Every structure is written in structure tokens, then in C-alpha cells.
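A short write-up of the structure that comes next.
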Amino acid sequence: MKKRWLCLFVENEIGVLAKISGLFSGKSYNLDSLTVGVTEDVTVSRITISLTSDDQTFEQVKKQLNRSVEVIKVVDYTDVAIHMKELMFVKVSGCSEKDIEEIFRISQIFNITVIDYNRDAVLIESVKTENKNNDLIALLGKCFANRIEIVRGGSVAVEALSIDKISMKSISYRNP
Amino acid sequence: MDITGAELFVKALKKERVDTIFAYPGGQAIDLFDALYGEDDLNVIMPRHEQGLVHAADGYARSTGKVGVCLVTSGPGATNLVTGIATANYDSVPLVCFTGQVPTGLIGNDAFQEVDIVGITRSICKHAVTVRKREDLAEIIKKAFYIARTGKPGVVVVDLPKDIQREYGSDEYPTNIEIRGYKPNNSVHIGQIKKAMELLNHAQRPVFLIGGGVNIAHANMEMLKLAEITGVPVITTIMGKGAIPTTHDLYVGNIGIHGSYAANTAISKCDVLFSIGTRFNDRITGKLDQFAQDAVIIHVDIDAASISRNITVDVPIVADAKMAISKLVEKAKPLDIKAWVEQIGEWKKQYPITMRKEGMTPEKIIRSINQVFDSAIITTDVGQNQLWATQFLELNERKQMLTSGGLGTMGYGFPAAIGAKIGNPKTDVVVISGDGGMQMNIQEMATAIVYELPITICILNNGYLGNVRQWQEMFFDKRYSSTCMRYRKSCIANCNVPTECCPEYTPDFIKLAESYGAKGIRVTDEKEIIMALETAKNNRKVPTVIEFIIDREENVMPIVPPGNALNDMILESEGN
Ligand SMILES: Cc1ncc(C[n+]2csc(CCOP(=O)(O)OP(=O)(O)O)c2C)c(N)n1
Ligand SMILES: [Mg+2]
């Protein structure tokens, strides 16, 4: 089992997302996250998918996606140098003065932004890799158990500009 | 000139050279039917149930090689197609199914007879689409036919809202189409062909394993050539049966859970398995890790997703079977494998598939069909009747079998025969069905009558859902749970054996046939088999139902029990 990344270019049409997500559920492929947005060409949408699977299943996933009439192109990002980020909001409520201080400290160290704040609640925005966001959730969950609300956007990815082997390692933000 | 969507629909069918459509009307399709009214160039067939309709279109498509076209109304009309869509798509049959839909403005309102048929069929067809704008209609229909018939053929659903059927717009129909996400493969990788032939030429114990892909691609001539030049024995799946004539010296038999001992053993012992157009379905592989365990596996398939899915393949070749086999033939040469061929012949002789000699066995019935019909299309239903048919039917250039292999849909055989007869009016069409499956689409008898289709319908009546009963007998301690077709309220709950005093069978198939205006013949003695078949064959006007009363607990043998390796078979019933 291994974490994989796929980028799909699909027709920007009604039902295409249902087709793709239905393929995953119907064939029992697990899917970790899926994001979709329109591209510079309004007739084309771009989907970023992350999943965890063995090699054989992953080959099937790619073939099955390729087979769909609505799918224009499937790109495997698993071993490609990419930039990848996920937007996440965390709302912490019921905060004491001390909690708020702690949150500001965390946000400084983690390099994340406090975007909203009132006397007893703080809203944090984090644009990080999925793993970094996982770490942040773990930390906040420990400090403020049962008082956090999390909204995750799922990852989006784009190929890095430099493609020589040396930079591949340094750019691969997926495994910080 | 501006025309309505419905008129464009009719024009499109003609442009696609459709001559026959299978159609059942309703409120949301009434404009389309109006446009079809009085059309001389289109033969509109109205069956009695939409499931019968779609199986008929399927049988028409399989037997003619053309695209089968269905037209039904929204809601229940559309949902009645579902089983038939899955059946056809699973066996790569090209169909285009038009469904009426409520007007675009009402979609999503839970309007009368609104269902999301595109959503329902998405996972069981090749492509499904709702037409949302009148100006898209022509292109969508063009694409539908293109997608259905190219690549690995399949079913396309086109959902047509009523307002679009009525709306005026351009009468143009495109001649060409480009779909950026759909590029059917139309070449062969020559390097892989060379590699495959290299392996084959050095093999000591090679076999061909041929699936339905060869029949679909109409590559039978090429396949025969390839087999004859190389001298390599040919094994088929159920869907591949008939790829080369079944009486040919090089033909070994079917592989699979009811395959022949020789075929299953040869697969288990071969050193090169050259497979073409099969997806290594679980019904043919048996225990996976022992499947062809000594073999290097070559796999030709048009669908990349079928390669290395169930079985890891050493040499994959993604290509159309006909194209690939033609290339293989160019490089083919005779192999020196006399000992292996003789060994397989030995196995064939040692353990032929055969049934007991006394009584009216399914073997005798099917061999009589072989004898009486020199050229025919034979459809089967699903169950023991189908399995016996795949074991004993002889197929060749003049005899084709249509069967629901992938989905295994009871109720397929009879309506498929109707479609086959409509597509091939001069060819004899024979149905081999069980008593259970026959009742799943019996209403189509009316269709066969009104369109004057003289089909020979052989019902093998064992008074059981025999295939399931056999499993209950062999693997569930004879607990005949819900499989007896002669059960009545008065029966005991834990019955495990048929007796002389079982309640009478209902319906009386003979009276039922006669009530429709068909001919009915009941056969209880083996001496009457040939006579009955001859009578049916000579009946040129109406269908003939022949009800063969067969042994109630007849089993399909041999069988690979669940979980066993392919060559670990039970060869004979305990009773024998
Ligand atoms: C629509 C459908 N329902 C259920 C089944 C499961 N099934 C497979 S074979 C079979 C028994 C068929 O009985 P019959 O038509 O009498 O044929 P026989 O096996 O007796 O020849 C059943 C119930 C099926 N294949 N299709
Ligand atoms: Mg039966």
C-alpha cells in the first residue's frame, strides 16, 4: 500500500464528477481526497485525486479512468516533482486568554495565519501539504480537545517547473 | 431548414443506417413515436415489455453485427431497460438506448415519471448522457453510435427530454466526430507481436485460450488460420465458443467451472498460454494462484483494463482481435508439438463430457438440435440449460450461439431469439431455455406471434431452478430452498427430494403457447426428440414451443467446486 496522486483532465460537464466518484465507490477503490476546478479552458475541469493502494489496484484505477469517455487525460503524479497544497480552516472556540496566546504561538511556529478572531474564538487558515495539515490537526486536537472545527479542501497539485533529478527531491513537498 | 428534435432523431437513425428499432411508447416519448409514424424505411418493433425489448435489440445486434437501437419512455420505461443494458454491456454488445425524459424545466422536481436514468445506468453502460440543448442533439446521437460500435463495443444511453424533442432547430447531422477523451485503439504494437510469436514458436506445450473478443471482432477465419498454421490446440471460454468450428481437430473444449477435463487440464499444464479477447473472469480461472501456474501468459485484448487485472500477464498486447490475429498469422509457422497434442487428445478421449446413455438427457436433446439444424442461430437462457448448451452445441461458420455470459441474465434467451430472427429472417433460430427463465419473458410470445417469427423454443423442464438446486444438492446438503418450481402451499417446508406425487407444474407450457397462437409440443420420450424438432423447423409461420420433460435432478458435470484449482474437478455425479 502506498500513497498516490493523480491529476485528471475531464470534460466540464454535468455528471462527470459523479462518474469519477462512482467509479471509485463501485469498484471499491479507496479515495483519500478529490478536488475539482475548472481550468483556463472552460470546457475542461481538472481533478486532483489522492488515494492509497497497492500497485496492481493503482494500475486498474488509471486504466479505468482512462477508459471513461469523459476523461481526456490521466497524469500520474506519484513519482513526479510537484507542488501540492491543501487549504484548511480550523476554528477553535471556547478560548481562554491563555488558549489564545497558545494559538498565536502555534501559528507563528507553523507559519499559518489567524484570519479571524473574537474574544472566545479564533479562525486559522493553513495552506500546507496534506501531511503538515495532519500534524497541525493532531497538535490542535491535543491542546483544544472537542473545541475545534476543521474544514479541509483536499489537495491541489501542479507539476514543478524544474524537472532535473536533483531538484525533484527538494521540490517534492508531499513528504515533508 | 428547421425541424423538431423528434424529426432530427428519425433523420439521425437513417443516417446511421438503422433499419430496425425496438420501441415501446409512453408520454415522454410520444413525439418521437409521432415522428416515426408511417416511416417506411424503419422497421419499428413493439415487444410486450421493455426488458424483452432490450434483450431483443441485443440479440439483433449480436447476430447481425449492427448497432441495436432501443426507444422507450421515461421513468418505468427507462428502468425496465436496466437489466438488459447491463446484460448487453457486460458482453460488449453495441446498443444505443434512447429514453424519453420529462422536460428540462421539470428535471429535478420529482415530476411524474421522472427518473435519473443516466445516474442509474452510469456504472453499467459505456456512456450515458442527457441532452440538455436542442443544438447538441445531432452531435450527441452521432457520438452515441460512434462510441457504441467502436473500440470495445458497449451500450450508450441517450436521455431525451420532451421539450428538446419538440423544439425546432437545425436539420444538420454531422458526418464526422472527434471525441478528445475517446480514442479507440486501431493499431497493434508490432514489437509485442514479435515477442509473442517468439515465445509461441519455442513453446513445448502451448494452447490458445480464446474469449468472446474473437467472435465480436469477427476474427473467426483469421483464428482458424492461426490455429491451423501453428497446429496449436484451441480452448475457448463460453463466450469464445465457435471461434473455430467445435468439430475441428484442434478444438479442445471450454475452460471453466463446467469446462472439459481436457481443456482445464491443458490450461493447468501448458507452458505458453496465448489468450485472445478474454478478461479472465472468475468463472474460468478457478483458484487464482494455481491458474496456468507453469505458463508464460500472452494476452491480446482491446481493453487495456482487462489486461493484468485478474491474472498477471507477461506479454500484453492491446489491440482489436482481428487486427492482432492477422498480424500473428503473418509470422506464424508450424510448431513441433506432436506429443503435447497427442496428450491432449488422450485427455479428451479419457474424460469426454457426456451424460448417461439411458433416457432423455439434455445431451441427447442438444445433439439432436445439432443434427436437425444445419445452419442456425441458437440462443440460450441461463442455468443448467445454458451450461449443457455450451457443452454439447456444435458451432461453426453456419451456427452461432448467443448467450448472456457476463451477467448471466435469466430471461435473456427467448427475447434475444426474437431479435436474432428479426435481423436474420432467413435463418433458423432456436432457443434453449429452462422452465424458470422461460417464465421471465414469456410475454414476448405475443411479439413472436404478431411479427410472424417462427422460432423453435426448447424448454428443458426439470421443474427446478436447476442450476441453484444442483449447488444445493452438492454443497448445501440437499436443502432445496426456494428452487422447486412445482412447490405449492400444501408442500412440506423442508422438502429435499422430488417424488411422483409432487404437485402439477404450472403453467402448462403447451396450453400457454396455444393460447398465444403458437404451436406446442410436449416431449417425454427420447424417440420423439427429432420428430418434434423437425416439426418445429418446418413450421414457417408461428413459433413452436417444445417442452422437454427431463429428469428433475439432472446435474451439469464436470464441475470445479468453489475454491478449487481448475483441474481439480468432480467428474461425475454421485448417482452415476
Ligand atoms: C434474473 C436472474 N435471477 C436469478 C438468477 C440466478 N439463477 C441462475 S441459474 C438459476 C436457475 C434457472 O432455472 P431454470 O431457468 O429452470 O434453468 P435450469 O437451471 O433448471 O436449466 C437461477 C435462479 C439469474 N441468473 N438471473
Ligand atoms: Mg429448470
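The values are calculated or read from the model by the stated rules, or taken from the named source; none is laboratory data. None of these values were measured; they are calculated from a predicted model. Cβ sites come from the backbone with ideal geometry, for glycine too, and all protein chains shown count toward neighbours. Just the protein is used for accessible areas: all its heavy atoms, side chains included, with ligands, DNA and RNA removed. Shrake-Rupley method; radii C 1.70, N 1.55, O 1.52, S 1.80 Å.
Observations on the model:
- Matching residues in segment B:507-522 - criterion: being touching an Asp or Glu at 6+ places or on another chain (Cβ under 6 Å) and open to solvent by 80 Å² or more (accessible area, probe 1.4 Å): B:522
- Checking each residue in segment B:19-36 for being assigned to a helix (DSSP H, G or I), open to solvent by 40 Å² or more (accessible area, probe 1.4 Å) and charged (D, E, K, R) picks out only B:34.
- Residue B:166 being charged (D, E, K, R) and more than 14 Å from chain A (Cβ to nearest Cβ): yes
Here is a yes/no grid of residues against (1) within 16 Å of ligand 1 (Cβ to nearest atom); (2) closer than 16 Å to residue B:457 by Cβ; (3) within 14 Å of chain A (Cβ to nearest Cβ):
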{"residue": "B:365", "(1), (2), (3)": "yes, yes, no"}
{"residue": "B:368", "(1), (2), (3)": "no, yes, no"}
{"residue": "B:372", "(1), (2), (3)": "no, yes, no"}
{"residue": "B:375", "(1), (2), (3)": "no, no, no"}
{"residue": "B:389", "(1), (2), (3)": "yes, yes, no"}
{"residue": "B:396", "(1), (2), (3)": "no, no, no"}
{"residue": "B:399", "(1), (2), (3)": "no, no, no"}
{"residue": "B:405", "(1), (2), (3)": "yes, no, no"}
{"residue": "B:411", "(1), (2), (3)": "yes, yes, no"}
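- Of all the criteria given as (1) within 24 Å of residue B:113 (Cα to Cα); (2) surrounded by 21 or more Cβ atoms within 10 Å (Cβ to Cβ); (3) among the hydrophobic types (A, V, I, L, M, F, W, C), the one not satisfied by residue B:13 is (1).
- Residue A:34, sole failed condition from (1) within 14 Å of chain B (Cβ to nearest Cβ); (2) open to solvent by 30 Å² or more (accessible area, probe 1.4 Å): (1)
- In the set B:437, B:419, B:408, only one residue is within 21 Å of residue B:481 (Cβ to Cβ), under 17 Å from the mean Cα position of the chain (by Cα) and not in a loop (DSSP other than H, G, I, E, B); that residue is B:437.
- Residue B:386 vs. criteria open to solvent by 10 Å² or more (accessible area, probe 1.4 Å), within 16 Å of ligand 2 (Cβ to nearest atom), under 27 Å from residue B:69 (Cβ atoms) and out of contact with any Phe, Trp or Tyr (no Cβ under 7 Å at 6 or more places or on another chain): yes
- Criterion applied to B:355, B:401, B:410 was being among the aliphatic types (A, V, I, L, M), within 27 Å of residue B:567 (Cβ to Cβ) and either within 16 Å of ligand 2 (Cβ to nearest atom) or outside the structural domain of residue B:472 (by TED's automatic domain parsing) (or both), and the one residue passing it is B:355.
- Boolean, residue B:108 is small (Gly, Ala, Ser) and over 22 Å from residue B:377 (Cα atoms): yes
- Count of residues meeting criterion [within 9 Å of another protein chain (Cβ to nearest Cβ) and more than 28 Å from residue B:153 (Cα to Cα)] in segment A:41-69: 0
- Whichever residue in segment B:458-504 is of a type in the set (Ser, Thr, Tyr) and either more than 16 Å from ligand 2 (Cβ to nearest atom) or open to solvent by 30 Å² or more (accessible area, probe 1.4 Å) (or both) and, among such residues, is nearest to the chain's Cα centre (by Cα): B:482
- Being assigned to a loop (DSSP other than H, G, I, E, B) and more than 14 Å from chain A (Cβ to nearest Cβ) is a property that residue B:239 has.
- Residues located in segment A:88-107, provided they are more than 22 Å from the chain's Cα centre (by Cα) and open to solvent by 70 Å² or more (accessible area, probe 1.4 Å): A:97, A:98, A:101, A:104, A:105
- Residue satisfying all of: in segment B:425-444; surrounded by fewer than 24 Cβ atoms within 10 Å (Cβ to Cβ) and away from ligand 1 (no atom under 12 Å from the Cβ); nearest to residue B:365 (Cα to Cα) among these: B:428
- Only strands (runs of 3 or more DSSP E) whose full extent lies in segment B:259-343 are considered here, and the ones with at least 2 residues that are away from chain A (no Cβ under 14 Å), of a type outside the set (Asp, Glu) and closer than 24 Å to residue B:90 by Cβ are B:272-276, B:296-301.
- Of everything in segment B:176-190 that is polar (S, T, N, Q) and more than 22 Å from residue A:11 (Cα to Cα), the residue that is surrounded by the fewest Cβ atoms within 10 Å (Cβ to Cβ) is B:187.
- Apart from one condition, residue B:492 fits all of (1) without any contact (Cβ under 8 Å) to a residue 24 or more places away in the chain; (2) in a strand (DSSP E or B); (3) of a type in the set (A, V, I, L, M); the exception is (2).
- Residue in segment B:443-459 that is over 20 Å from residue B:541 (Cα atoms), assigned by TED's automatic domain parsing to the domain that holds residue B:388 and touching a helix residue (DSSP H, G or I) at 6+ places or on another chain (Cβ under 9 Å) present: no
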